[in-house]
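Asker: Submitted below is the structure of interest, expressed as structure tokens.
What follows is calculated from the coordinates using simple rules that are stated; it is not laboratory data. This one's a predicted model, so the numbers in the text were calculated from it and none came from an experiment. Here the Cβ is made from the backbone with ideal geometry for all residues, glycine too, and neighbour counts use every protein chain on show.
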Amino acid sequence: MTAFRNVASLILAAALLQVAGGLLGVVVPLALGDVGVSDAIVGLIAGIYSAGFMAGAALAPKMIREIANIRVFAFAAALGASMALLMALFRDPLTWSIARFAQGIGIALMFASVESWMTEATPQSQRGSVIGIYHVVAKLALILGPFLAVGNAPADLEPYIWCGIFLAFSLMPVCITKSLQPAPPDPAPFPFRRMYEVAPAAVIGVFIAGFSNTGFLSLLPLYAQQAGGTTSVATAAATLMAAAYFGGVLSQWPAGYLSDRVDRRVVIGGMGLISAFAAIALIFLNAPGSLITQALIGLWGAGALSFYGLCIAHAADRCEPSKFARMLSGLLFVWAAGSVIGPMVFGLVMSSPLGTRGLFILEAVIGFILFVLMVWRRQAKAPVIEEERESYEMVQPTSVVGADIDPRTDDEPLPTI
């Protein structure tokens with residue numbers, strides 16, 4: 001496929017980036033828990049990372065316009081790698097808060113640079129195939145990343161060195177790509193009120209996705225600490241994270257296929273119920289290292305990690321094609337707002353007398369709330385008729401300019417609203 005060859009180096013760069021990100025997502029909470037930091041502070045630091053991501057997403061279009069994609073990517077990769085090495089030297093929560101905020105900025109800038117570049121190099125007719133390959137490869141890399149921590153104790157330095165190495169490696173395919181750099185992006189997102197008027201269910205869903213999924217996954221490694229033993233903790237945490245992500249990958253296409261044939265809000269609510277029932281089972285099962293737990297975490301991922309893309313598809317159904325890029329960009333900020341708040345709330349719940357069971361209790365409540373809200377929205381507003389629906393496409397919350405590569409986006413210039 002010509003289009004894939006044009007962007008293969010960019011997809012490789014994104015995959016290397018995801019390996020580093022997946023690794024840090026496991027080792028950071030484990031290391032903080034190992035030195036006695038409370039669950040609430042772990043959640044706060046995870047929220048600070050999300051705030052950095054949100055800031056980076058806001059800065060990305062302007063930076064790309066002013067200094068071009070490759071310089072933005074190089075700057076962000078250097079920032080992320082240097083902060084990973086700084087975390088290896090200093091283990092206090094203040095330093096790590098600063099480092100994680102900076103890494104959030106860097107990750108957002110790197111995704112924006114890669115995805116705007118991919119947009120220019122991919123014809124409209126082939127974007128569906130390319131974006132599908134891109135998201136699958138990136139998700140598989142995210143699954144593999146945590147396993148680089150296997151065999152290490154929480155206090156070991158090796159995972160942070162590996163993170164720095166992979167972020168440095170991600171520069172190599174970007175520097176040698178033959179694809180021309182794209183025109184500067186200008187994805188001015190919809191204001192919140194306008195998004196809610198067009199697709200309220202999508203706004204509600206993506207906020208819950210950011211709040212719930214980021215909060216749950218940020219604190220999940222602390223649940224794995226109950227497995228016992230300094231070297232087995234990383235293995236248990238990596239396995240649980242991989243199970244969640246793998247469940248999300250497996251459910252993407254069946255959920256999307258179903259949502260193309262029935263009201264998407266019904267499917268979104270159903271995914272919420274699946275995650276809720278899995279969480280209820282985990283409340284009563286206190287065995288982080290067991291196969292049953294891993295299967296239930298995978299079932300949770302199948303429900304919880306699939307409905308973001310369904311919400312985007314629902315927004316595409318109700319939004320004019322020429323305005324979809326702005327809608328998707330705005331929804332990313334709604335998701336990011338949820339991802340800032342979610343980890344802090346989950347951390348506070350886990351610091352309460354509920355302990356680690358609070359992680360699953362809160363997740364079960366959120367799943368049922370999502371179901372109820374989708375039923376309410378379905379009754380409040382009629383579904384889109386089948387002839388006017390856009391097709392489902394796999395999509396993840398990565399960057400504001402990622403909307404442009406989506407095959408549902410109109411190539412015409414975006415009107416001022």
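Asker: Among L222, F73, V130, which residue has its Cα positioned farthest towards the positive end of the charge dipole of the chain, with +1 placed on the Cβ of Lys and Arg, -1 on the Cβ of Asp and Glu, and the dipole taken about the Cα centre?
Answerer: Working it through, the farthest residue towards the positive pole turns out to be L222.
Asker: Could you calculate the contour length gain from V375 to L250, that is, 0.36 nm times the residue separation minus the distance between their Cα atoms, to one decimal place in nm? Mind dumping the intermediate values first?
Answerer: Working: separation 125, 0.36 × 125 = 45.00 nm, distance 2.50 nm.
Difference between extended and current length: 42.5 nm.
Asker: Considering Cα pairs under 8 angstrom that are at least six residues apart, work out the relative contact order of the chain and quote it in whole percent.
Answerer: On the way: 823 pairs, mean separation 110.7, N = 417.
Across the chain, relative contact order equals 27 percent.
Asker: What residue among G355, G56, G367 shows peak mean-square fluctuation when the chain is described by a Gaussian network model with Cα springs under 10 Å?
Answerer: Looking only at G355, G56, G367, the biggest GNM fluctuation is shown by G355.
Asker: Please compute the net charge surrounding M195, taking Lys and Arg as +1 and Asp and Glu as -1 over other residues with Cβ under 15 Å from its Cβ.
Answerer: Residues close to M195 contribute a combined charge of +4.
Asker: What ranking, highest mean first, results for peptides 102-108, 334-340, 375-381 when packing means the other Cβ atoms within 10 Å averaged over each residue?
Answerer: Values: 102-108: 26.3, 334-340: 24.0, 375-381: 13.7.
Descending packing order for the listed peptides: 102-108, 334-340, 375-381.
Asker: Let me ask something additional. Name the shape class, rounded, prolate or oblate, that the alpha-carbon gyration tensor gives for the chain, where a ≥ b ≥ c are the square roots of its eigenvalues, rounded holds for a/c under 1.5, and otherwise prolate holds if a/b is larger than b/c and oblate otherwise.
Answerer: Working: a/c = 1.74, a/b = 1.15, b/c = 1.52.
The shape class here is oblate.
Asker: Within the chain, which whole H helices from DSSP have a Cα span along their axis of at least 18 Å and a mean Kyte-Doolittle hydropathy of 0.0 or more, if any? Provide the component values of the computation, followed by the final result.
Answerer: On the way: long enough: 2-34 (48 Å, 1.56); 39-67 (40 Å, 1.13); 69-89 (30 Å, 1.75); 93-121 (42 Å, 0.71); 127-144 (25 Å, 1.48); 158-176 (28 Å, 1.55); 232-259 (39 Å, 0.90); 264-284 (31 Å, 1.80); 291-304 (19 Å, 1.39); 324-351 (41 Å, 1.61); 357-380 (35 Å, 1.38).
Helix filter hits for the chain: 2-34, 39-67, 69-89, 93-121, 127-144, 158-176, 232-259, 264-284, 291-304, 324-351, 357-380.
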